[in-house]
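First up is the structure itself, then whatever we jot down about it.
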Amino acid sequence: MTEDLWYKNAIIYSLDLETFMDANGDGIGDFEGLCNRLDYLHTLGINTIWLAPFQSTPNRDNGYDIKDYYSVDPRHGSNGSFVDFMHQAERRGIRVIIDLVVNHTSDKHPWFQSARKDKNSPYRDWYVWSEKKPETWNEGMVFPGVQKSTWTYDKEAGAWYHHRFYEHQPDLNTDNPEVRKEIERIMGYWLQLGVAGFRVDAVPFMIETISTEKKVKPKMHFEYLQDIRRFLQWRTRDAILLGEANVLPKESIKYFGDEGEGIHMMFNFLVNQHTFYALATGDIAPLVKTLEDTRVASPTSQWAQFLRNHDELDLGRLTEKQREKVFERFGPEENMQLYGRGLRRRLNPMLGSRQQVELAYSLMFSLPGTPVIRYGDEIGMGDDLTLNERDAVRTPMHWSGNRQAGFSQAAKLVHPVIDVGPFSYQHVNVSDQRRSEGSLLNWMMRIIQLRKECPEIGTGEWVVLDTKVAGVLALQYTRKEKVLIVLHNFNNKPAEVTLTLKIDDTSQLTNLLDHHETFTNKGRKRTVTLEAYGYRWLRVGSPDDIV
Ligand code: NOJ
Ligand code: CA
């Protein structure tokens, strides 16, 4: 049955229209540009696009500040161009997930404008107000250091409003049944236009009822997630919710629901952080523990595994000591760090070597769950630390070595392209890598293809094998009679691993990426020698079993 669940074996590609491809030469990416690049994405092998918010916005938080949920921001095109895009994507068998950003609106949203003007406005109760200065006014900021408070006094309203994020993002009152109805209407609208689901922004905050008093903890409404799920499934039966909730394992079960009746998928922030710790130190023990701790119970629930996204690399769930080690290795300069907990860097410049990038991606594609790639990481793009906050990792896609990286004809862009150093577009771009056999892009295509050939990663049973070698992670997947073993060596020196397989003495191991490698049989033991940062995808069975 789980084979029917498309999201369990999807390959998700996350992109932001603004910085992907500009077709009309105004310096801002648009739907037409994205349509022109759909063949590229199709060839890359991805089959699901997660599109960052594209609705009308004052754009003070990269579009996560929406002022009209039923629109396309004119900078990107029109509702017509959205439908064109959906059609083009569908023709190529690509599903589209969009952001559902309903924890808050922009303060420019007409609802908030009306709510603040008039106590009797029908929209007043759509937001969260306090007549008195809340005790908790400067607690729980998501962007510490940049954001000063979570409650702000609004002169026009004569009251304080709550905002979990920046001051210009007033929180919607999701306790209000009318707000809930409107959220369903928004979902229904985009579902009707063909989206395959939603990446739900800021889930924990969206389902909380906040208090103004220090001693009263926020109340969480997990049942609301089930309501949304039910609505979604009534409208579009195989659409999904992919939640953004950086929470502890015992909490995540409440989001998924015991029987999988909550949200379908969640980003695995814990595995993400411990992966970076393992990459920085070679110590895989905390990663193994996290994998076990985040094992999903329901067959319909699924983790989304990722390396980088459009935000900072959040390391807030590591211990201080662990975080210090990751900072030391991947972001030693203060300017690389953000909000006291994360790194505003792209993957490639952090890891430095091609072997480590391959190791990280090979791991991500073989972790229990569904892989999510960030645009530009397939060619190894860098970051621009001269930009503000998280914008460092949001520079335009490098399509070619030509002016403005082939992204736009305009002289001034939404964010500048990277044009200095080893990660400049002259060195790192799609056009060159497409035509170079050993490129990262070609490697990425191969590993995506391989992930598709191994659906047991999405739907099979898995165990961590004890390799007895420090720094080598071995995962074994089983589905029906098929067995897959993936090995990752986090050490900067070679490692020899002896696997004792639960198979008969004559069974073979087949390297799925290289037909030259052979393994000698010693009873049920097979020895594999991994290079420094080496990895293997091994099918238990003869070469006949892999085709
Ligand atoms: C999470 C998003 O990933 C982030 O980019 C945004 O700033 C906040 N939610 C607020 O919407
Ligand atoms: Ca444009």
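Residues considered: 211, 149, 114. Of these, the only one that is of a type outside the set (Asp, Glu), modelled with pLDDT of 95 or more and assigned to a loop (DSSP other than H, G, I, E, B) is 149. Annotation note: Cβ proximity below 6 Å between a residue of the range 472-500 that is charged (D, E, K, R) and a residue that is part of a strand (DSSP E or B) (sequence gap 6+ or interchain) occurs for 496/529. Can you report the number of residues in the range 379-423 which are part of a loop (DSSP other than H, G, I, E, B), touching a residue at least 40 places away in the same chain (Cβ under 8 Å) and either in contact with a strand residue (DSSP E or B) (Cβ under 7 Å, 6 or more places away or on another chain) or polar (S, T, N, Q) (or both)? Residues in the range 379-423 being part of a loop (DSSP other than H, G, I, E, B), touching a residue at least 40 places away in the same chain (Cβ under 8 Å) and either in contact with a strand residue (DSSP E or B) (Cβ under 7 Å, 6 or more places away or on another chain) or polar (S, T, N, Q) (or both): 3 in total.
Would it be correct to say that residue 232 is part of a strand (DSSP E or B) and at pLDDT 95 or above? No.
Looking only at residues in the range 310-338 that are under 19 Å from the mean Cα position of the chain (by Cα) and surrounded by fewer than 23 Cβ atoms within 10 Å (Cβ to Cβ), which one is farthest from residue 14 (Cα to Cα)? Selected residue: 318. Restricted to the range 362-392, and to residues there that are of a type in the set (D, E, K, R) and away from ligand 1 (no atom under 16 Å from the Cβ), the residue that is nearest to residue 275 (Cα to Cα) is 377.
Quick check on residue 528: is it of a type outside the set (Ser, Thr, Tyr), in contact with a Leu (Cβ under 9 Å, 6 or more places away or on another chain), more than 11 Å from residue 540 (Cα to Cα) and part of a strand (DSSP E or B)? When the stated conditions are applied, residue 528 passes them. Taking residues in the range 24-43 that are within 16 Å of residue 396 (Cα to Cα) and near ligand 2 (Cβ under 10 Å from one of its atoms), and partners anywhere that are modelled with pLDDT of 95 or more and polar (S, T, N, Q), the pairs with Cβ atoms closer than 7 Å and at least 6 places apart or on different chains are 25/408; 25/409; 27/408; 29/19; 30/24; 31/81; 32/24; 32/81.
From the list 115, 89, exactly one residue is touching a strand residue (DSSP E or B) at 6+ places or on another chain (Cβ under 6 Å), in contact (Cβ under 8 Å) with a residue 12 or more places away in the chain, over 22 Å from residue 458 (Cβ atoms) and more than 16 Å from ligand 2 (Cβ to nearest atom). Which is it? Steps first, answer last, please.
Working: 89 fails: over 22 Å from residue 458 (Cβ atoms).
None of the others qualify; the one that does is 115.
The values are calculated or read from the model by the stated rules, or taken from the named source; none is laboratory data. From a predicted model like this one, the values you see are computed outputs, not experimental measurements. Neighbour counts run over all protein chains shown; Cβ positions are idealised from the backbone, glycine included.
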